[in-house]
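Step one of this worksheet: look at the structure below.
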Amino acid sequence: MVLEETIILGDAIVRIALDHALRYRLTYGDQVVYENGRRVVRGRSTPYEFKSVEKLRYDFERDVEALGGRLG
């Protein structure tokens, strides 16, 4: 694992994992999950095309904020 981090916020736990093969998992509680080509928001799953770590982070943060959450 290249990066593995857990952040405890007031309303959710955020977990981030990224490895050398660019497999990834980002979660905001169970409401937003990005994992290896899948994006799940409020239980609705859609394909997700990984383009870069920066874009992944931006998209994840945007979905968290759309739910009314905050990452810091």
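The values are calculated or read from the model by the stated rules, or taken from the named source; none is laboratory data. Just so it is clear, the structure is predicted and the values come from calculations on it, not from any experiment. Note that we place each Cβ from the backbone using ideal geometry, even for glycine, and neighbour counts take in every protein chain shown. Areas reflect the complete protein model, heavy atoms only, side chains present, ligands, DNA and RNA absent. Shrake-Rupley method; radii C 1.70, N 1.55, O 1.52, S 1.80 Å.
The helix-only estimate of mean residue ellipticity at 222 nm for the chain, built from DSSP H runs of length n ≥ 4 each weighted as -39500 (n - 2.57), is -6500 deg cm²/dmol after division by the residue total.
The accessible surface of the chain, taken with every protein chain in place and a 1.4 Å probe, is 49 percent carbon and sulfur. For the chain, the C-alpha radius of gyration divided by 2.2 N^0.38 Å, with N the number of residues, is 1.02.
Restricting the GluC sites (Glu not before Pro) of the range 24-72 to loop positions (DSSP other than H, G, I, E, B) with no more than 13 neighbouring Cβ atoms within 10 Å leaves Glu49. Here the relative contact order of the chain, from alpha carbon pairs under 8 Å that lie six or more residues apart, stands at 18 percent. Counting only protein heavy atoms and a 1.4 Å probe, the range 1-47 has 69 square angstrom of accessible area per residue.
Within the range 36-72, the trypsin sites (Lys or Arg not before Pro) that combine a DSSP coil assignment with at most 16 other C-beta atoms in a 10 angstrom radius are Arg42, Lys51, Arg70. Counting 0.36 nm for each residue step from Arg15 to Lys51 and taking away their Cα separation leaves a gain of 11.0 nm.
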